[in-house]
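Trainee: One structure follows; several queries about it will come next.
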Number of protein chains: 2
Amino acid sequence: MPDSKPSDTRKAPLKLRRVAIDTYHENVAFLNRNCELYRAEGFQALSKVAISTNGSRIYAVLNVADDDAIVGVTELGLSEQAFAQLGQPEGQLVCVAHTEPPQSMDAVRRKIAGDRLQIDEFRAITHDIVENRYSRTEMAAFLVASVQNGLDREEILSLTRAMTETGDRLRWDASLVADKHCIGGIPGNRTTMLVVPIVAAHGLLIPKTSSRAITSPAGTADTMSVLAKVDLGPEQMHQVVNKTGACLTWGGNAHLAPADDILISVERPLGIDSEGQMIASILSKKLAAGASHLLIDIPVGPTAKVRHMNQALRLRKLFEFIGDRLGLHLEVVISNGSQPIGRGIGPALEARDVMQVLENAPHAPDDLREKALYLAGRILEFDPDVRGGQGFHLARDILESGRALEKMEAIINTQGAVRAVPSTAPLTIDICATQKGVITAIDNYQLTRIARLAGAPMDLNAGVDLYKKLGDEVE
Amino acid sequence: MPDSKPSDTRKAPLKLRRVAIDTYHENVAFLNRNCELYRAEGFQALSKVAISTNGSRIYAVLNVADDDAIVGVTELGLSEQAFAQLGQPEGQLVCVAHTEPPQSMDAVRRKIAGDRLQIDEFRAITHDIVENRYSRTEMAAFLVASVQNGLDREEILSLTRAMTETGDRLRWDASLVADKHCIGGIPGNRTTMLVVPIVAAHGLLIPKTSSRAITSPAGTADTMSVLAKVDLGPEQMHQVVNKTGACLTWGGNAHLAPADDILISVERPLGIDSEGQMIASILSKKLAAGASHLLIDIPVGPTAKVRHMNQALRLRKLFEFIGDRLGLHLEVVISNGSQPIGRGIGPALEARDVMQVLENAPHAPDDLREKALYLAGRILEFDPDVRGGQGFHLARDILESGRALEKMEAIINTQGAVRAVPSTAPLTIDICATQKGVITAIDNYQLTRIARLAGAPMDLNAGVDLYKKLGDEVE
């Protein structure tokens, strides 16, 4: 842009000040409107600046303040994330300079114009994103361009590689590191908390990191947090895995593919859906987590995230293509996504379902049990010593023998058990059918909405408990 | 989105507080992290909220603060623009609620997917934008979608209408209200300040609002501000026009097509260029300003905004199509954009050039004079009483007789003359050619950059003065 000054134009330094505002994944810098530098340099609100001191440099978007209580005329304020990134004490002298828009925006503009991008361009984009050189609008431009002209499979592969490289990679001392992922959209469906102890009880390494809910009533990390501490650092996570062969933790502390987290924080509120971004997001996280063998579950149903079989098949091919090219042993199962899995929807209710299955309780939800055994069986068959087709039976034996429960208890205790949350919330209401009949459809989307309105996942025991499922009679 | 609560969910009110941060065209609300409402409602940083009190309601993006000095636990803070929009005193009790993403984002997502949009959808989008219901990322999504799948001419027409309707419309007591617009990119080129007094001296009404520079070394409003007050409200502007038949003011106070200003503030930093958005932007502003007859100048040159004749011709057809449909008498001239027009680049230097031409000074820049006479002549021919082809001569007579200068002085004095800015800056440097020859090319883009680095437009007398132009010999 013609109006950018070179980034090495620097003036008298300003004193660093922490401004206790949480601007989420965006770095914000604050200058006082009467700051001499602001006046001389012709900074504009929302222009991008580089802040440097002591050999470290960060990028931020500029806000202008008229209140000395926020930032004085000789100070530069930084929002919490930016302040932490710069890693310098308050009062430190810092230099502020105009900065060019990130070079890689040229590639984004070419993507907007319809070009295919190469791996180096994706690398430059994800690198600049992690460096906070992109504004949220620039990321939105990249995302929309990826939806609209789409990413072909070579581009998805490049993006996956580039996103993986933006963060750390976990290393495990095993040739077979199992992992699973489900393309969400189905409430309940807490199979991970069953699959992990079954697979680990068999002896396969399965260090599982999960997300917290963003738009759902509970992520696996939320549900697991009812039973155990989940926000472990990479160090602690390794300890748990070394001891139990597994873990069930929240992935947010591990700095895995951070470009993905940042892009998701822009993509979700926009409500746009890029298949390419989704695949790259999932696979980059799994690669970074050190997985060698991955099972992907795609539930298909009229109110699931994937609504048609042909879409599921296209996704499967894309996953397979990219998995092969990345040297990841990857299998995809397409499952029935027509209704919630299990009875409870919400962290504590789902944790109750999981424990009932592990305890082989007679009233444990059968659909959750069957699906978990099926998925665990498929993962067990990654083991060269397991005969093809025997995985399900093996998984069932492990569950019925109580070894899965034992393993789960070991995982919980090693991560750190938490005080039990009652699965019954203080306020409950029964919703009964007003007429006799058979249940022919359940809307996942509406149940998700109701469970969230009830307070899930913030209130751990809020949610919905389903007494009837598809095909059941009500009267 | 499944996680949005209905917008009428309200809790205990909070006390309104002004947070003196200028967040430009984005409304920002601040809650303290320990605010009970924040904790109970599960607000997230960057989620959108509706703030209402006393029958007025605004929308804002939420930031979370950890400092009582910014916002206390029983307070709701609003950034300056948001505070002004709500129009309530500090301490007023306000309600804060989650808000759904704007309904019209559905249309944006369909545009991303490749659909054509109808006028009602453009109306909903621009309405929501002006109501601050769009985040900057949502606007970026709309803009990128408009570039990528493009807007066809019916869509541009709809967008123009919709943007015009978002603001006020100026009304003038004349059947012929002339206006002009130049598709920028050429430094200098201050023809407007010559065309307006010539046309007004002839007796046509020409109430001209202009912009300040965004990426150029000077907008017409910047250059005019060297001579007169330009930030007039609609009331004062009417007074000037009633008295002199013209004005040369800054358009920012007139609330004309405000959706356009907001979109531009997102589009410029992205460096993306949507022909459709540009045409809608120009024509909506002109319609809102009450123009009935409009001359559009498209300079074409290797370093101008429009680089090829075929692009200029396509633009011309689009302008003509939409002008006709809007009942606007519109003509397009395609001019030579291969070099700057006039000698000076920067507000005071350009004002000097303009006054030299008006004063018929022998050393006045001839190219500026000729181009202004040509454009003024074309506008004069909008007058039914002027014979086709006679406009140029008529314009020249008006200029040479001193009537244009007289009119300019009347405009300056009625708007309010300002103390003269010396056209020579305190620091100057001569850049001489290092070898003998003939000038064969001038890069508009580089000259723009140099003039801005010198300080234009913030320092009124900063800039570049050209002693030689294309075809001149240097030695």
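Trainee: What are the nm distances, shortest first, from residue B:103 to its equivalents in the other copies, labels at 7 Å along Cα→Cβ?
Mentor: Inter-copy label distances (nm, one decimal, shortest first): 4.8.
Trainee: Carbon-plus-sulfur fraction of the accessible area of the protein assembly as shown, 1.4 Å probe, in percent?
Mentor: 48
Trainee: Putting +1 on Lys and Arg Cβ atoms and -1 on Asp and Glu Cβ atoms, find which of A:236, A:82, A:172 reaches farthest to the positive end of the dipole of chain A.
Mentor: After comparing all options, I get A:172.
Trainee: Something else about it: Residues with amide H under 5 Å of residue A:337's amide H, sequence separation 5 or more or different chain, H placed in the peptide plane at 1.01 Å from N; which?
Mentor: Distant-sequence amide H within range of residue A:337: A:300, A:301.
Trainee: Let me ask another. Provide the per-residue ³J(HN,Hα) series for the stretch B:400-410, in order, calculated from phi with Karplus coefficients 6.51, -1.76, 1.60 and θ = phi - 60°, each as a whole number of Hz, with x at glycine and proline positions.
Mentor: Karplus-based 3J(HN,Hα) across the stretch B:400-410 equals 5, 6, x, 5, 5, 4, 4, 5, 4, 5, 5 Hz.
Trainee: So which GluC sites (Glu not before Pro) in the stretch B:40-100 are both in a DSSP loop and have at most 15 other Cβ atoms within 10 Å of their Cβ?
Mentor: B:90
Trainee: Separate question: Out of A:271, A:298, B:422, whose Cα points farthest toward the positive end of the dipole of the protein assembly as shown (charges: +1 Lys, Arg; -1 Asp, Glu; placed on Cβ)?
Mentor: A:298
Trainee: Mind checking A:16-22 for the average number of partner chain beta-carbons within 10 Å of each residue's beta-carbon?
Mentor: Per residue, the number of nearby Cβ atoms from other chains is 6 on average.
Trainee: Run the quick spin-label model on residue B:458 and residue B:310: label points 7 Å from Cα toward the beta carbon, then report their separation in nm to one decimal.
Mentor: 4.2
Trainee: To continue, here is another question. With a Förster radius of 60 Å, plug the Cβ-Cβ distance of residue B:387 and residue A:54 into 1/(1 + (r/R0)^6) and report the FRET value to the nearest 0.05.
Mentor: Between residue B:387 and residue A:54 the formula returns 0.25.
Trainee: When the label point is put 7 Å from the Cα of residue A:175 along its Cα-to-beta-carbon vector, which residues of the stretch A:326-352 have a backbone N closer than 17 Å?
Mentor: Those under the cut-off are A:327-330.
Trainee: Counting partner chain Cβ atoms within 10 Å of every residue's Cβ in A:143-149, what's the average?
Mentor: Mean shielding count: 6.
Trainee: Oh, and also: If you take every DSSP beta bridge fully contained in chain B, what fraction is antiparallel? Give it as a percent rounded to 5. Walk me through the numbers on the way to the answer.
Mentor: Values: 20 of 50 bridges.
Of all bridge pairs located within chain B, approximately 40 percent are antiparallel.
Trainee: Kindly compute the accessible surface that chains A and B hide from a 1.4 Å probe when together, both sides summed, and give it to the nearest 100 Å². Please report the intermediate quantities before stating the final value.
Mentor: On the way: alone 21680 and 21680 Å², together 38700 Å².
About 4700 Å² of accessible surface is lost on pairing.
Trainee: Separation of the stretch B:391-406 and the stretch B:251-311 by C-alpha centroid, Å?
Mentor: If you average the Cα positions of each part, the centres end up 29 Å apart.
Trainee: Of A:49, A:147, which has the most accessible area with a 1.4 Å probe, and how do the rest follow in descending order? It would help to have the intermediate numbers written out before the result.
Mentor: Working: A:49 0, A:147 40 Å².
Final ranking, largest accessible area leading: A:147, A:49.
Trainee: Moving on to the next point. Got a sec to turn the phi values of the stretch A:356-372 into Karplus ³J(HN,Hα) couplings, 6.51 cos²θ - 1.76 cosθ + 1.60 with θ = phi - 60°, whole Hz, x for Gly and Pro?
Mentor: Residue by residue, the stretch A:356-372 yields 4, 5, 4, 7, 6, 5, x, 8, 4, x, 5, 5, 5, 4, 5, 5, 5 Hz.
Trainee: Tell me, in nm to one decimal, what length is gained between residue B:441 and residue B:475 on full extension, where the rule is 0.36 nm per residue of separation less the Cα-Cα distance?
Mentor: Using 0.36 nm per residue and subtracting the Cα-Cα distance, I get 10.6 nm.
Trainee: A further question follows. Distances from residue B:473 to the same position in the other copies: list them in nm, one decimal, shortest first, using label points 7 Å from Cα along Cα→Cβ.
Mentor: When each copy's label point is compared with this one, the spacings are 10.9 nm.
Trainee: To continue, here is another question. What distance in nm separates the simple spin-label points at residue A:235 and residue B:127, each placed 7 Å from Cα in the Cβ direction?
Mentor: That separation, rounded to one decimal, is 5.8 nm.
Trainee: A further question follows. Quick one: which of B:436-449, A:277-290 comes out on top by average Cβ neighbours within 10 Å, and what's the full order, highest first?
Mentor: A:277-290, B:436-449
Trainee: For the stretch A:14-98, what does the alpha-carbon gyration tensor say about shape, rounded, prolate or oblate, given a ≥ b ≥ c as the root eigenvalues, a/c under 1.5 as rounded, and a/b over b/c as prolate? Intermediate values should be presented prior to the final figure.
Mentor: Details: a/c = 1.30, a/b = 1.23, b/c = 1.05.
Rounded is the answer for the stretch A:14-98, as its axis ratio a/c remains below 1.5.
Trainee: Give me the net charge for the shell around residue B:298: Cβ to Cβ below 10 angstrom, other residues only, Lys and Arg +1, Asp and Glu -1.
Mentor: Residues near residue B:298 contribute +1 overall.
Trainee: Can you give me the relative contact order of chain A as a percent, contacts being Cα pairs under 8 Å and 6 or more apart? Please report the intermediate quantities before stating the final value.
Mentor: Details: 933 pairs, mean separation 75.5, N = 475.
Here the relative contact order equals 16 percent.
Trainee: Between copies, how close do the residue B:242 label points come, placed 7 Å along Cα→Cβ, listed in nm from shortest?
Mentor: Going from nearest to farthest copy, the values are 8.6 nm.
Trainee: If I ignore ligands, DNA and RNA and count only protein heavy atoms, how much of residue A:196 is accessible to a 1.4 Å probe, in Å² to the nearest 10?
Mentor: Approximately 0 Å² of residue A:196 is accessible to the 1.4 Å probe.
Trainee: A further question follows. Assuming R0 = 30 Å, what is the FRET efficiency of residue B:325 and residue B:370, from their Cβ-Cβ distance, to the nearest 0.05? Intermediate results must be reported in sequence, preceding the final value.
Mentor: Values: r = 33 Å, r/R0 = 1.11.
My answer for the efficiency is 0.35.
Trainee: Is there a quick way to get the dipole size of the stretch B:60-134? I mean about its Cα centre, with the Cβ of Lys and Arg at +1 and of Asp and Glu at -1; what is the value in debye to the nearest 20?
Mentor: Result for the stretch B:60-134 is approximately 560 debye, rounded to the nearest 20.
Trainee: Which order do you get for A:180, A:407 if you rank them by accessible area with a 1.4 Å probe, largest at the top?
Mentor: My answer, sorted largest first, is A:407, A:180.
Trainee: Taking the Cα centre of chain A as origin, sum charge times position over the Cβ atoms of Lys and Arg (+1) and Asp and Glu (-1), and report the length of that vector in debye to the nearest 20. Don't skip to the answer; put the middle values down first.
Mentor: On the way: 51 positive and 59 negative charges, 43 e Å.
Here the size comes out at about 200 debye.
Trainee: Here's another thing I want to ask about it. State in Å² the accessible area per residue of the stretch A:21-108; use a 1.4 Å probe, count heavy atoms of protein chains only, and round to the nearest integer. If you can, show how the numbers build up before the last one.
Mentor: Working: 3130 Å² over 88 residues.
Heavy-atom SASA per residue in the stretch A:21-108 reads 36 Å².
Trainee: Give me the net charge for the shell around residue B:135: Cβ to Cβ below 10 angstrom, other residues only, Lys and Arg +1, Asp and Glu -1.
Mentor: Value of the local net charge: +2.
Trainee: State the antiparallel share, in %, of DSSP beta bridges confined to the protein assembly as shown, rounding to the nearest 5.
Mentor: Close to 40 percent.
Trainee: Given the whole protein assembly as supplied and a 1.4 Å probe, what does the accessible area of residue A:137 come to in Å², nearest 10?
Mentor: 10
Trainee: Let me make sure I get this right: for the protein assembly as shown, a, b and c are the square roots of the gyration tensor eigenvalues over alpha carbons, sorted descending. Under 1.5 in a/c it's rounded, otherwise prolate if a/b > b/c, else oblate. Which is it? Before the final figure, lay out each step's value.
Mentor: Working: a/c = 2.23, a/b = 2.13, b/c = 1.04.
Since a/c reaches 1.5 and a/b is larger than b/c, the shape of the protein assembly as shown is classed as prolate.
Trainee: Helix-derived [θ] at 222 nm for chain A: sum -39500 (n - 2.57) over DSSP H runs of at least 4, divide by residue count, nearest 500?
Mentor: Computed mean residue ellipticity for chain A: -12000 deg cm²/dmol.
Trainee: Where nothing but the Cβ of Lys and Arg (+1) and of Asp and Glu (-1) is charged, how large is the charge dipole of the protein assembly as shown around its Cα centre, in debye to the nearest 20?
Mentor: With Lys and Arg at +1 and Asp and Glu at -1, about 340 debye.
Trainee: Answer rounded, prolate or oblate for the stretch A:105-165, using the Cα gyration tensor with square roots of eigenvalues a ≥ b ≥ c: rounded when a/c is under 1.5, else prolate when a/b is larger than b/c, else oblate.
Mentor: Because a/c hits 1.5 or more and a/b fails to exceed b/c, the stretch A:105-165 counts as oblate.
Trainee: If the cut-off is a Cα-Cα distance under 13 Å, which aspartates and glutamates reach residue A:436, setting aside same-chain residues fewer than 8 apart in sequence?
Mentor: Filter leaves A:472, A:473, A:475.
Trainee: Looking only at other chains, what is the average number of their beta-carbon atoms within 10 angstrom of each beta-carbon in A:104-113?
Mentor: Values: counts 0, 4, 1, 0, 4, 6, 0, 2, 9, 4.
Taking the mean over all residues of the peptide, I get 3.
Trainee: Karplus couplings for the stretch B:421-433 from phi (6.51 cos²θ - 1.76 cosθ + 1.60, θ = phi - 60°), rounded to Hz, Gly and Pro as x?
Mentor: 9, x, 7, 9, 7, x, 10, 9, 9, 8, 10, 10, 4
Trainee: Please compute the modelled spin-label separation between residue A:336 and residue A:406, points set 7 Å along Cα→Cβ, answer in nm with one decimal.
Mentor: Rounded to a tenth, the inter-label distance reads 3.3 nm.
Trainee: Compute the length gained on full extension between residue A:110 and residue A:214: take 0.36 nm times their separation in residues and subtract their Cα-Cα distance, giving the result in nm to one decimal.
Mentor: Roughly 34.3 nm would be gained on extension.
Trainee: Can you give the relative contact order of the stretch B:24-107 as a percent, counting alpha carbon pairs under 8 Å and 6+ residues apart? Walk me through the numbers before you get to the answer.
Mentor: On the way: 136 pairs, mean separation 33.6, N = 84.
Result for the stretch B:24-107 is 40 percent.
Trainee: Given the pairs A:469/B:111; A:317/B:111; B:229/B:371; A:286/A:407; A:48/B:48, which span a C-alpha to C-alpha distance of over 30 angstrom in this model?
Mentor: With Cα atoms farther than 30 Å apart: A:469/B:111.
Trainee: With a 1.4 Å probe on protein heavy atoms only, tell me which residues of the stretch A:56-82 lose at least 50 Å² of accessible surface in the complex relative to the chain by itself.
Mentor: Residues passing the criterion (a loss of at least 50 Å², heavy atoms only) are A:70.
Trainee: Normalised by the number of residues in the stretch B:169-284, what is the relative contact order in percent for Cα pairs under 8 Å and 6+ residues apart?
Mentor: 24
Trainee: Sort out for me the Cα centre separation of the stretch A:351-386 from the stretch B:149-217, rounded to whole Å.
Mentor: 69
Trainee: Between residue A:119 and residue B:36, take the C-beta separation as r, use R0 = 41 Å, and let me know the FRET efficiency to the nearest 0.05.
Mentor: The pair residue A:119/residue B:36 has a calculated efficiency of 0.25.
Trainee: Could you pull out which residues in the stretch A:391-432 have an amide N less than 20 Å from a spot 7 Å beyond the Cα of residue A:360, following the Cα-Cβ vector?
Mentor: So the set is A:391-411.
Trainee: DSSP loop trypsin sites (Lys or Arg not before Pro) in the stretch A:291-329 with at most 15 other Cβ atoms within 10 Å of their Cβ, which ones? Don't skip to the end; give the middle numbers.
Mentor: Working: sites: A:305, A:307, A:314, A:316, A:317, A:325; in loops: A:305, A:307.
Filter output for the stretch A:291-329: A:307.
The values are calculated or read from the model by the stated rules, or taken from the named source; none is laboratory data. Predicted, not measured: the structure shown is a model, and the values here were computed from it. We place every Cβ from the backbone using ideal geometry, glycine too, and count neighbours over all the protein chains shown. For the accessible areas, the whole protein counts, side chains as well, though only heavy atoms, and no ligand, DNA or RNA atoms are used. Shrake-Rupley method; radii C 1.70, N 1.55, O 1.52, S 1.80 Å.
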